[in-house]
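The values are calculated or read from the model by the stated rules, or taken from the named source; none is laboratory data. Note that the structure is a prediction, hence the values are computed from the model and not measured. Don't worry about glycine lacking a Cβ; one is built from the backbone with ideal geometry, like all the others, and counts go over all protein chains shown. To get the accessible areas, we keep the full protein, side chains included, count just its heavy atoms, and leave off ligands, DNA and RNA. Shrake-Rupley method; radii C 1.70, N 1.55, O 1.52, S 1.80 Å.
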Amino acid sequence: MFKTNLMIMRRELGYMWRDRGLRNILLLGPLLGILLFAAIYSAQTITNIPTAIVDLDRSASSRDMAGKMENAPNLKVVSYLQSYEELEESIQQGIIVVGVLIPENFGRDVALHRHTRVLLIIDASNTIFATNASTAVLGVTRTLSAEIGVRTLLAQGMDPIKAKNMYVSLDLKEEGWFNPTLNYAYFLVLALALNIWQQCCSIAASINIIGETGVKSWLQIKAAGFSKIQLFVSKSIIHITVFMVMALLIYFIAFGIFKIPLACKLSTLLLFTLVFTVALHSIGTLMSSIAGNAVDSTRFSMMVALPSFVLSGYTWPIEAMPGFLQPVVWVIPQTWFFQGFNYLSFKNPGWQFMASYFWALIAFALICYSLATVITAWKER
Amino acid sequence: MSEQVLVEAKDLVQKFFFKTILNGVSLQAYAGECLGIFGLRGSGKTSLLHILAGVDRFSSGTVKVLGDDIKKSQLFKQRTGLVTQEPSLFQDLNVIENLDYIAALKNAGHADIERVIALMELHDSLRHPVTALDAGIYQRLSLACALLNSPQVLVVDELIKDIDLFSRHLIIKQLKPFLQSGGTCICGFSNIEMLIHTDRTGWLDNGRLEFYKPSDLREKWTTMLNSFQEPGDA
Amino acid sequence: MMKQIWNITHYELLHVFKDPILFIIVFITPIFYAGLFGTVYFSSILSNIPLAVVDQDNSTLSRDLRLAFANDHSFKIVPGADSYEAMETGMKDGTVRAGIVIPRDFEQSVKQGTSAQILSVYDASNLIWGFNSRKFIQEVINNFASHYTAEKLAGAGYTEHEIENVMNSVECNVTAWYNPNYSYANYIFMGLMMLVVHQIGLLGVCLAVTREKERNSWLQYIASSIPAWKISLGKCLPYLIANFFNYALLLWVSSRLVHIKIEGNILLMACLGLLYVSTITFAGYIVSIYSSNSLQATRYLMLLSVPLLMLSGYSWPRGYIPDILNSLALLFPSSWMLIGFRMVSIKNASWELLWPTLIALALMAVLTLYLALNFRKERKPENKHSLMVNSGLSYPRKINMLGALRQQLRASRF
């Protein structure tokens, strides 16, 4: 019997290799994915946000003001423009993200302690840029406000120490935990690559049952009286093994070559990935048992796989989704996986925390495989 | 031909929703005989043969193969072989891989593979993909796969239809020792030529099976054909 | 001349309506995804971020600061997370996403005029939490500092007007253009919708020819005298109409139901949509001509969405993507459309700024149209000598016995 199982596995491997489309997708898809995303996020952090200054005053005070913007962390002054209209166009075209407009007579008004206004414009159409730009600008404005306020009070004759004490001198020390450098590559590259990987695996898994029952050679298997459970279990083992080999390759590239940090042990992550792979394969198998042909089976599987990354809350948090949707997103195994992956790779919260994730994925697999078995048996009656 | 009944069907009914395909078919196939099932396209031959091979379910009746009620046990499949009308070998495998794989499914060994290769003279085609095979070689391969587990019951559908004469000759040649060794062959066909190779033949029409001696069946067939001729037809 | 094209269009449309799965893909799936993603991003702004406040000072001033955070809707103070250890545990298990640590000598330092250090921590394992927390913390701190100064000045006898003069002598007016609330939905949603149009557009039309090949009816087309361009136009027309309809419908749904900011020149949006949808439709048709079967076409096309979104510069800015990838991105209509659409709908850009996008999309539309209309009316002989599976004219499918029986019954009635 073991020899037969080996035979089935060998044939399945050959089948996957000989299906050129599947071969390309499984072997190349995830690898191309991680390389592409690593290249896209090669800049890794949001720094040097393109900033432009329109200095309509060109006084010492305005240059001082411009200097403060130049020294602001994460902002990079890339141009000095001549007018508001130029600034507006640059922002509209997306060349500039932060614009600073220093009005005419700025220096005079500052010297005379008259009210003057500096316009700081942030292009908020891309919130990744905008949130970071906003934080940088807020830091500048707080310090600037205090500085100029103190000067104004001094000019009004207030005692220097008293003037200084009017402003609370707060030194805000920031710490980004788990990803201290706020590295976008660490946050997204591997997750996106795994997203591509799980989509490719879904396509492959969706051929599990229909790939056998939808071809004429199914008659041979039926005529031989061979156990179908044995057949599909053997096929599934090969599928899952191939999926895991690709995951291993991705992890090697991510952790070994790109040096993406990993908080937990690699063995823990691999075990978690294995459990997810089984759950993922079970969905494909279920779809494969429901569909009447391989195209529909692929479509059904991808209907789950395609939106799953958005639904998983890996980027836009689950807690920010409407209350009624929050429990619903936990119905798909990808949510458990990507949430668990985030915890394991950044926080390593321990077995007690992660146990529920493992159990959920195992339960999912059991349910889907059972349903697939029942549906296939019913269809083959 | 002996008196031992290897395959028995009683009052077999096969319905598909509202359509009745087999309407109370009964038959007995004895050891050493080649039982023919003659029927035109759509008569239900393939359905009947697939039921006897245990690959299709049926609505009512009983079928016993090698003494086993096929609804209760699958063990009979260890001693049966099936050749289908539609190509049903593994298209992702070549000839030797098909033999290898199906042998594994049937628990046959390497010696059995070599035996059937020799029987069906497949030596020159072993590395060819099955999709590239001529019809005759494909059919020889199909029969070879069916014979891997040294079956006692052989169910074949359109065994020699539209294939080259050499393959036809080889296939028929191998049927004889099979029958002489006590096996039974149930053979579905729509071409009257196959009649000479059968011992008894049933005509399946409108879901009913009526048995004839081959000569009687041929006479009936000729009468029916002639009944459509009009005066003045060549 | 048009009669043949209308005939082909008619039968293609009939087929879409007869095939329930294709019908669902073309007409239902776009609205489904709009609804699904619209629901996900409905709140659009992060709020009630679970915050730990570790007050090691327990002074009046530190309590005021704590109150400032408690009163800000961006945060929700997590009860019980009031020690550093509790904050650490909460951050690890996700019950806390940001934290403020007010040091022991906070009030004293402020009173003495020395710099009072506050530690702000945020969960950077998810940079959406991280960046937003960081920004909101800055905002609260800034407001607190302003409020403190205003109170101090008031306490020193300054009038409201005088306080205003002192604090805003140089008023830094920070304005967020185009998306004043920093709505995440305004940022990402329409990008996703354009990709839905892209994917659904491709997945529908990519079966137009492969389906015929599998049924062997493609022979009828190529054996006839009808020119290739008529076949292509006839087959593409229903999908062109359906795809543009979906584009318009998604714009309406996004604007009216999900409340995404879609302003700008409607004609410009229509032009962009038309060019985009045309390019996709003809590109999908080309895939269908050259794919061996529906399974291959479907598999490859389904994987495009995520790479295209990331490559386009729509989410991760182009300025941070290597030039070679930016150049590669220019080859895809989605890259032009995503950025161009954002410029029109969010930034209200005019024709002058959009002309490069329009020209690029127009060129792509013309190129794909040309390739779609000019294919060789010949069949590549099937390679039966290879062991490749699922590469030929068939793929695994169970025979639909019930469907066949229904057809027989219908036929027998006539």
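How charged is the neighbourhood of A:N74? Take every other residue with its Cβ under 14 Å from the Cβ of A:N74, and add Lys/Arg as +1 and Asp/Glu as -1. Before the final figure, lay out each step's value.
Numbers: positive: A:K68, A:K76, C:R134, C:K135; negative: A:E70, A:E174.
Value of the local net charge: +2.
Percent of accessible area on the stretch A:189-252 owned by carbon and sulfur, 1.4 Å probe? Walk me through the numbers before you get to the answer.
On the way: 1110 of 1410 Å².
Of the solvent-accessible surface of the stretch A:189-252, carbon and sulfur hold 79 percent.
Which whole number gives the average, over all residues in C:175-188, of C-beta atoms from other chains lying within 10 Å of the residue C-beta?
Details: counts 6, 11, 10, 8, 7, 2, 2, 6, 2, 6, 2, 4, 8, 6.
Mean shielding count: 6.
Chains C and A: how much accessible area gets covered up at their contact, both sides added, probe 1.4 Å, in Å² to the nearest hundred? Please report the intermediate quantities before stating the final value.
Numbers: alone 24240 and 20790 Å², together 33640 Å².
Approximately 11400 Å² gets buried when C meets A.
Per-residue Cβ counts within 10 Å, from other chains only, averaged over A:105-115: what number is that?
Details: counts 0, 1, 0, 0, 2, 2, 0, 1, 4, 3, 6.
For this peptide, the per-residue mean of nearby foreign Cβ atoms is 2.
What helices does chain C have that are whole DSSP H segments, at least 27 Å long along their own axis by Cα, and with mean Kyte-Doolittle hydropathy of -1.0 or more? Mind showing how you got there, number by number?
Working: long enough: C:127-155 (41 Å, -0.09); C:184-205 (32 Å, 1.50); C:228-256 (42 Å, 0.74); C:266-290 (36 Å, 1.94); C:351-373 (32 Å, 1.84).
What comes out of the filter, once short or polar helices are dropped, is C:127-155, C:184-205, C:228-256, C:266-290, C:351-373.
Return the sequence-ordered ³J(HN,Hα) values of the stretch A:149-166 in whole Hz as given by the Karplus equation 6.51 cos²θ - 1.76 cosθ + 1.60 applied to θ = phi - 60°, using x for Gly and Pro.
So the Karplus estimates, Gly and Pro as x, are x, 4, 4, 4, 5, 4, 5, 7, x, 6, 4, x, 5, 5, 4, 5, 6, 5 Hz.
Sequence-distant or interchain residues sharing an amide H contact under 5 Å with B:V7, placed H: which?
B:A29, B:L66
How much of the accessible area of chain B, probe 1.4 Å, is carbon plus sulfur, in whole percent?
For chain B, the apolar C and S fraction of the accessible surface comes to 50 percent.
Once phi is turned into θ = phi - 60°, what whole-Hz ³J(HN,Hα) does the Karplus curve with 6.51, -1.76 and 1.60 give for every residue of the stretch A:67-75, x standing for Gly and Pro?
Whole-Hz 3J(HN,Hα) from phi for the stretch A:67-75: x, 4, 5, 5, 8, 5, x, 6, 9.
Across peptide B:106-119, how many C-beta atoms of other chains are within 10 Å of each residue C-beta, on average? Don't skip to the end; give the middle numbers.
Values: counts 6, 5, 1, 0, 0, 0, 0, 0, 0, 0, 0, 0, 0, 0.
Going residue by residue through B:106-119 and averaging, the value is 1.
Quick check on packing: order A:117-124, C:202-209 by the mean number of other C-beta atoms within 10 Å, highest mean leading. Walk me through the numbers on the way to the answer.
Working: A:117-124: 21.5, C:202-209: 24.9.
The most tightly packed comes first, giving C:202-209, A:117-124.
Given the C-alpha centroids of the stretch A:287-356 and the stretch B:123-193, what is the distance between them in whole angstrom?
That distance is 52 Å.
Name the lysines eligible as straight-distance cross-link partners of C:K3: C-alpha to C-alpha under 21 Å, and not fewer than 8 places from it in the same chain.
C:K230, C:K235, C:K377
If the limit is 23 Å between Cα atoms, which of A:K216/B:K173; B:K10/B:K173; A:K173/C:K135; A:K3/B:K106 go over it?
Details: A:K216/B:K173 27 Å; B:K10/B:K173 31 Å; A:K173/C:K135 13 Å; A:K3/B:K106 12 Å.
Exceeds cut-off: A:K216/B:K173; B:K10/B:K173.
In degrees, nearest 10, range 0 to 90: what is the angle between the Cα axis of helix A:333-342 and the longest Cα principal axis of chain A?
Once rounded, one gets 50 degrees.
Which cross-chain or sequence-distant (5 or more) residues have an amide H under 5 Å from the amide H of B:I21, H modelled 1.01 Å from N in plane?
Answer set, sorted by chain and number: B:Q14, B:K15, B:F16.
Per residue, what volume in Å³ does the convex hull of the Cα atoms of the stretch A:266-317 enclose?
Numbers: hull volume 4.2 nm³, N = 52.
Residue-normalised Cα hull volume stands at 81 Å³.
To make sure I understand the rule: partners must be aspartates and glutamates, Cα under 19 Å from the Cα of B:K72, and not fewer than 8 residues away in the same chain. Which ones qualify?
The qualifying aspartates and glutamates are A:E380, B:E8, B:D11, B:D56.
Output wanted: per-residue J couplings in Hz (rounded whole) for the stretch A:180-193, from phi through Karplus 6.51 cos²θ - 1.76 cosθ + 1.60, θ = phi - 60°, x for Gly and Pro.
Going residue by residue, I get x, 8, 6, 7, 5, 5, 4, 6, 10, 4, 5, 4, 5, 4 Hz, with x marking Gly and Pro.
Which pairs, out of C:K213/C:K398; A:K228/B:K64; A:K162/C:K111; A:K379/C:K398; B:K77/B:K176; A:K164/C:K111, put more than 20 Å between their alpha-carbon atoms?
Details: C:K213/C:K398 18 Å; A:K228/B:K64 23 Å; A:K162/C:K111 10 Å; A:K379/C:K398 10 Å; B:K77/B:K176 22 Å; A:K164/C:K111 10 Å.
Result: A:K228/B:K64; B:K77/B:K176 exceed 20 Å.
Going by alpha carbons, how many degrees (0 to 90, nearest 10) lie between the helix axis of A:351-379 and the longest principal axis of chain A?
On a 0 to 90 degree scale, this one is about 40.
Using Cα-Cα distances under 8 Å and only pairs 6 or more residues apart, what relative contact order does the stretch A:49-167 have, in percent?
27
Per residue, how much accessible area does chain C have with a 1.4 Å probe, in Å²? All intermediate terms of the calculation are to be shown ahead of the outcome.
On the way: 18030 Å² over 414 residues.
For chain C, the solvent-accessible area averages 44 Å² per residue.
Quick one: helix A:2-18 against the long Cα principal axis of chain A, what's the angle to the nearest 10°, folded into 0 to 90?
Tilt of helix A:2-18: around 50 degrees.
For a quick check: with amide H placed at 1.01 Å from N, whose amide H comes under 5 Å from A:L81's, ignoring anything fewer than 5 positions away on the same chain?
A:I53, A:V54, A:D55
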